[in-house]
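To start, the structure under review is shown below, and the notes come after it.
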Amino acid sequence: MRLLLPLGLLALVGILVLILIYIIKPNFQQKLISTTYIWKLSLKFKKRKIPISKLRNILLVACQVLIITAIAFILSKTVLVLKEQISQPEVVLIIDSSASMRTGDENTNRYARAVDAAVKEAERTFDRDGIVSVILAGSENTYLAERAYANSREQVVSDMTALLDNGTQCSYASADMNAAVTMTDRVLSVNPSAKIYLYTDETYADLSENISLVNVAEEEEWNAAILNATAIYEDNFYTFRVEVACYGRDKDIPVRLTVNGINATSSEDKSAGDLTMVQTVPCMNDGVYTVIFKYVPEEEKKAFVDSLDENTVFYNIPMEDRAYSYQSVLVSLDADDSLKQDNAFSIYGGLKETVRIQYYSSGSDASTGGSLGPNVFFQQALAALKKNYADRWDIQITEVKKGNPYETSGFDFYIFEHDMPSNLPTDGVVLLADPMMTAPADSGIRFEKIVDMSRNSVYLASEETHPILAGTTPTNITVSRYDKVSYDPAYTMLLSYAGDPMLLVRNDSVARVAVMCFSLHYSNLPLLIDFPLIMYNMFGYFFPATVNSNAFETDETVLLNCRGESLTVSDGTNEYVFNTFPASMQLSTPGSYTVSQKTFANKEVVETVFVRMPRAESDIFSEEEALRSPYYTIDESDYYNDVLLYIAGALVALLMLEWYLQHKESSI
């Protein structure tokens, strides 16, 4: 137990006063009484065997002493000690390791200055026999040391200085400083008086007094940055847009854009040349400026320039230098600034992969004997497919005229309607539409009979959720005649009627096949939006985009798909292999990465993506609104348990007992 207010014990002086009262209290009184009363009283005392009055007097005095003592303890704020307060100095050092902390020169940078300052504070604390915790704040926040005492000094200081080994271990991503401050709760829950030091280059409009901010930025630092760069395919040629800014200084920044392999036919095309364009941008007041590299006819140039806002700069590409393809584009800044990692940006995706589609439709109607030929609905769906995927694929459509032989090799996507090949092509995806009377021998499909329901069309049912059916309503599709088939278990049934398959799909290393078990001539499907949707989804399912973009920020999640069994991501030094798809990964270092795969059709596909530093990190003098305050504050209830209620209860009980004893004494 502990007394929070020891002066309350002065109330014990009341015990001395009580003793003094008993000392000066008279022991007798002069009264005139009859002898008869004395006689009766003597008989009464004579019958008693135990001296009750003496015991009662002792209890009465003890109660009065305890009452005074209880009052003294109440005035002294008596508490039970739960845990001892830590008297040693304790600090939590948070080191910002976000990308902007790389700002500096060839001798040092902000991150190094932050680590050095944190090491000095740790050593000062250890010198006073204190406790040190160190948090490294980055894309993931980690404790480098947690409540380390002075006997761990050598290890803690060594771990902190090791942050600068081999150059710097500062990240290329953003740091969640609020999450880092939240981590201090683990220390503050033990010692709420621990001091928090934040070593960063950011400023905050609102900062808790519990946090000491150590800003390691220097006034003479500045940064010119490429915030983003894109290539937009419009009017059959590319337009390039570059966003730039200059922080900490007003300067004219030359933006250099080099198109490598302009109008190349492939990544191996060595005959394609390079094109370099330079446009100076007057950057002021930390503003973001856009540079547009675009061909605009001379008669339209004035109207186009007038439509641009004041923060947009235009570079007119000569007509003879227009690019309808490129191998890569490098954007760079001619600036000797304090942060080099955002001075270059690469754009990829200028060479679209060619996808060759063969559409073959022929045969005769089994019920009428009439000749069947190309279906206009397939022609329109393929034309829409080519248009919708124009920014990603170079889709080339070959329609085999009636009477001409079809090919079973050399294409990426085969569509056979009515008349089926004897064997499936092995180098591409195959759509078998209305496999009437026969099916390829190696397809895993066996034709059984034609089911005619022309008198009463039936509606189809969906068997399962599948990407090919995304956005469609299968219950709106009717058929009046279909081909009843049996199929290999490797197929997945997507649409059905009365248990019979209407749409089957298979996508594995053995075959990439879709089977439509009815003719568009005997269905309302071509009249619905569902048909072009199914064709669009089918193409996306069999030809998924390997990556969902050609540019990412560090630690951004990259989604990966594959048209084969495995996919490899390489930065030139390290390789990462994936075998399960869709897959995801985070690329933590800026630069170019190649994504390569071999498709099930033995086609080598290589794509390149660029990973850049987060654009927010380029603003090296950014100011945030607020930083989360630490949760824990010093609270006596964390250390003491108040026993006032218990003492008060005992005091009431003693007062009741004292009253009872006084009553018995006076009743004699």
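The values are calculated or read from the model by the stated rules, or taken from the named source; none is laboratory data. Keep in mind the model is a prediction, meaning the values are calculated, not measured. Because the Cβ atoms are built from the backbone with ideal geometry, glycine has one as well, and the counts that use them run over all protein chains shown. For the accessible areas, the whole protein counts, side chains as well, though only heavy atoms, and no ligand, DNA or RNA atoms are used. Shrake-Rupley method; radii C 1.70, N 1.55, O 1.52, S 1.80 Å.
Odds and ends about this structure:
- Filtering 193, 271 for residues that are free of Cβ contacts under 8 Å to residues at least 24 places away in the same chain, open to solvent by 30 Å² or more (accessible area, probe 1.4 Å) and small (Gly, Ala, Ser) leaves a single hit, 271.
- Among the residues of region 152-171, not a single one is part of a loop (DSSP other than H, G, I, E, B), closer than 30 Å to residue 292 by Cβ and out of contact with any helix residue (DSSP H, G or I) (no Cβ under 6 Å at 6 or more places or on another chain).
- Pairs, first assigned to a helix (DSSP H, G or I) in region 5-32, second surrounded by 11 or more Cβ atoms within 10 Å (Cβ to Cβ) and modelled with pLDDT under 70, C-beta under 8 Å, six or more apart: 9/3
- Scanning region 437-451 for residues that are touching a Ser or Thr at 6+ places or on another chain (Cβ under 7 Å) and touching a residue at least 24 places away in the same chain (Cβ under 8 Å) yields 446, 447, 448.
- The one condition in (1) assigned to a strand (DSSP E or B); (2) at pLDDT below 90; (3) among the acidic types (Asp, Glu) that residue 391 fails to fulfil: (1)
- Checking each residue in region 573-616 for being more than 30 Å from residue 427 (Cβ to Cβ), open to solvent by less than 90 Å² (accessible area, probe 1.4 Å) and part of a loop (DSSP other than H, G, I, E, B) picks out 574, 587, 588, 589, 590, 613, 614.
- Residues in region 308-331 that are open to solvent by 40 Å² or more (accessible area, probe 1.4 Å) and not in a loop (DSSP other than H, G, I, E, B): 315, 316, 319, 320, 321, 330.
- Within region 449-478, the set of residues being touching a helix residue (DSSP H, G or I) at 6+ places or on another chain (Cβ under 6 Å) and hydrophobic (A, V, I, L, M, F, W, C) comprises 460, 468, 470, 477.
- Of all residues in region 440-454, those being modelled with pLDDT of 90 or more and in a loop (DSSP other than H, G, I, E, B) number 5.
- The set of residues in region 209-264 that are under 13 Å from residue 286 (Cα atoms), open to solvent by 20 Å² or more (accessible area, probe 1.4 Å) and under 28 Å from the mean Cα position of the chain (by Cα) contains only 243.
- Residue match in region 210-225 (condition: aliphatic (A, V, I, L, M), in a strand (DSSP E or B) and under 20 Å from residue 315 (Cβ atoms)): yes
- Where strands (runs of 3 or more DSSP E) sit wholly within region 455-516, those with at least 2 residues that are within 30 Å of residue 597 (Cα to Cα) occupy 492-497, 500-507, 512-516.
- Yes/no for residue 351 being touching a Ser or Thr at 6+ places or on another chain (Cβ under 9 Å), outside any strand (DSSP E or B), more than 18 Å from residue 610 (Cα to Cα) and of a type in the set (A, V, I, L, M): no
- One residue from 123, 146, 106 being open to solvent by 50 Å² or more (accessible area, probe 1.4 Å), among the acidic types (Asp, Glu), in a strand (DSSP E or B) and out of contact with any Cys (no Cβ under 8 Å at 6 or more places or on another chain): 146
- When residues of region 332-345 are limited to those that are open to solvent by 20 Å² or more (accessible area, probe 1.4 Å) and in a strand (DSSP E or B), the one farthest from residue 291 (Cα to Cα): 344
A quick yes/no check of all residues on (1) more than 41 Å from the chain's Cα centre (by Cα); (2) touching a residue at least 24 places away in the same chain (Cβ under 8 Å); (3) farther than 30 Å from residue 329 by Cβ:
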{"site": "532", "(1), (2), (3)": "no, yes, yes"}
{"site": "539", "(1), (2), (3)": "no, yes, no"}
{"site": "555", "(1), (2), (3)": "no, yes, no"}
{"site": "571", "(1), (2), (3)": "no, no, no"}
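- Any hit, region 394-414, residues being open to solvent by 30 Å² or more (accessible area, probe 1.4 Å), within 19 Å of residue 511 (Cα to Cα) and not polar (S, T, N, Q): yes
- For residue 133: the one exception among (1) open to solvent by less than 30 Å² (accessible area, probe 1.4 Å); (2) under 27 Å from residue 108 (Cβ atoms); (3) modelled with pLDDT under 95; (4) hydroxyl-bearing (Ser, Thr, Tyr): (3)
- Some residue of region 245-267 being basic (Lys, Arg), farther than 14 Å from residue 323 by Cβ and assigned to a strand (DSSP E or B): yes
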